[in-house]
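J.: Have a look at the structure that comes next, please.
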Amino acid sequence: MENAGAIPHVLAYNLSQLNSCSYNGFSISPSTGTANVLPNGQIRFQLPNNSIIDMKTSKMTFSVKTTEDTGVRLPQASQLFSRLEIRIGGSSVYNGSNFMHIVENVKVNMGKKKVCGVTGHKDFLDAATQTGKLLAANKSETYEAELGTDQNLFAVDLGEFAEIQPRLLDSSLIGQIEIIFTVNAANALSIVNSIPDKVVRGGDATNSITLVNDESGAAASTFEIVRPTFFVNMYSLASGGYSQAVRSKMADVGFLQLCYDNTLVFNQAWTGSSRFSLSAMSLKRLTAVFRRQSATTLSGAVPIAGGASGDVDGDGQVLGIYGASQANGQGVAEYQTAGEQYSLPTAAPAHGASKETGAAFKYDTAGGVNLFWKIQSAQVPNYAATVAEQAELTKHAYDIDEFGKARTLTQYLYNFHAFAIPLGIPEHPLDKKTISGLNTNSTNCFISLESTGSNRDVSNYDCFILATCDQILRVGEGRSIELIS
């Protein structure tokens, strides 16, 4: 029998067993106090020692209070935090970046991470809150009263560190673990001033806007994180066999290794190209997203392309992409905050084109914006990628068959655009972790994102480049740690 040593999982009858396994959960208050935390403030937690912690399911829960009567709407829960830092024994092992919300949003758009509709504030809510309270004109979405008076309603995980391998971390082997969340700025919100009446699919000027944006209250609008609490899921193995096996491994090799992703974010104003340098043990993926520079200020809601719209330029009705199949041509429109919108930087449609009429996402225009990367002057891919090639390369880089959010080409271009390339071999969830990314430690590697085409906008967008690297945490005797990146 050929290759007899490689038995598929579906044919393997072996059984593993651990005796005396027990579970318990603990709720931890922040070491910075339980007071409400304002934008740009920090929330710190110290995790228990001498326990086996499940890093994937241990999360921070909280509620949110917003400014009343200014029409505030909330983004996904993860967008309320701009940075996550994790320290072990006083040393930073995950420093992330000041753009954690962008890293998390891109993973959701790609379908690599799912948002829970119950605790993740998955959708942009226009007419009612998460708890079912109707929102009249100019009313803000807030959760410090009613059910939220003494209940936490939302939860966020530890981002990339939640995917650490192995996911059960024995804290008795390392020093004190400290978790630090930094709250995002107020521009993570959106401002609106009316509820949707009905979704009109034609050119009726009196009803062509389903959700009116009113930014007059933006300067006074803000939010607070209410009652942040960290709950920890922990296990214990009373037999001691696991601890003995771990310490035996440490004695044989000298250390234990844990691996997780660490995405570095480089932010520049988009001028047609973007350049940076990077030294990394394993650069596994490069991703670029483009955000309008106006997103740095608190602004109105952004429609998901394919929803309702009016008459763009007098040439007849502009139907929503799915509208014709719905009763009377009416249906539910979808929105996102300006900070969650990533678009291909085109001159036409212009960055400031009307969202209410649909001109903003009318991509039926001549000219293109082709993109490619250069790594030490070597072009990757070996051609300037068109729109379809950008989409296919991005799916290949994230090892997906379809995007998690974009359902149409227009949505990909207007709401959820990204351009990525892989620099390591594809990974499978059931495979043992393999580090195969590009090693640039021996050189100060210069990387650039370049563009060609006659339809480029080089004045009104910011470019965010996400460099996803493998990071290894080595744990030795005496709770010593070493970080390899």
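J.: Stretched out fully, how many nm does the piece from Tyr13 to Gln379 gain, at 0.36 nm a residue minus the Cα gap? Don't skip to the end; give the middle numbers.
T.: On the way: separation 366, 0.36 × 366 = 131.76 nm, distance 4.81 nm.
Extending this stretch completely gives an extra 126.9 nm.
J.: If I take R0 = 45 Å and measure r between the Cβ atoms of Glu402 and Gln268 in this structure, what FRET efficiency does the formula 1/(1 + (r/R0)^6) give, to the nearest 0.05? If you can, show how the numbers build up before the last one.
T.: Working: r = 30 Å, r/R0 = 0.67.
After rounding to 0.05, the efficiency reads 0.90.
J.: Tilt of helix 387-398 relative to the longest C-alpha principal axis of the chain, in degrees (0 to 90, nearest 10)?
T.: So the inclination is approximately 20 degrees.
J.: For the chain, what number results from the quotient of the Cα radius of gyration and 2.2 N^0.38 Å?
T.: The chain yields a ratio of 1.06.
J.: How would you order 389-398, 44-53, 251-260 from highest to lowest mean count of nearby Cβ atoms within 10 Å?
T.: 389-398, 44-53, 251-260
J.: Still on this structure, please answer the following. Which cross-chain or sequence-distant (5 or more) residues have an amide H under 5 Å from the amide H of Cys445, H modelled 1.01 Å from N in plane?
T.: Leu278
J.: Are there trypsin sites (Lys or Arg not before Pro) in the range 98-171 that DSSP marks as loop and that have at most 15 other Cβ atoms within 10 Å, and which are they?
T.: Numbers: sites: Lys107, Lys112, Lys113, Lys114, Lys122, Lys133, Lys139, Arg167; in loops: Lys112, Lys113, Lys114, Lys122, Lys133, Lys139, Arg167.
Of the trypsin sites (Lys or Arg not before Pro), the ones in loops of the range 98-171 whose Cβ has at most 15 other Cβ atoms within 10 Å are Lys112, Lys114, Lys122, Lys133, Arg167.
J.: Moving to a separate point now. May I ask for the angle, rounded to the nearest 10°, between helix 241-253 and the longest principal axis of the chain, with both axes built from Cα atoms and the value confined to 0 to 90°?
T.: 80
J.: Taking H as built 1.01 Å from N, whose amide H comes closer than 5 Å to the amide H of Gly358, not counting residues under 5 places away?
T.: Correct list: Gly310.
J.: For Ser448 and Ala137, compute 0.36 nm times the residue count separating them, minus their Cα-Cα distance, and round to one decimal in nm.
T.: Values: separation 311, 0.36 × 311 = 111.96 nm, distance 4.64 nm.
Length difference between fully extended and current span is 107.3 nm.
J.: Here is a follow-up. What list of ³J(HN,Hα) couplings, whole Hz, do you get for the range 433-440 from phi and the Karplus terms 6.51, -1.76, 1.60, once you set θ to phi - 60° and write x for glycine and proline?
T.: 4, 10, 9, 9, x, 5, 8, 10
Rule-based calculations on the coordinates, nothing more; no lab input. Every value quoted in this text rests on a predicted model; they were computed, and no experiment measured them. So basically every Cβ, Gly included, is an ideal-geometry build from the backbone, and we count neighbours across all protein chains shown.
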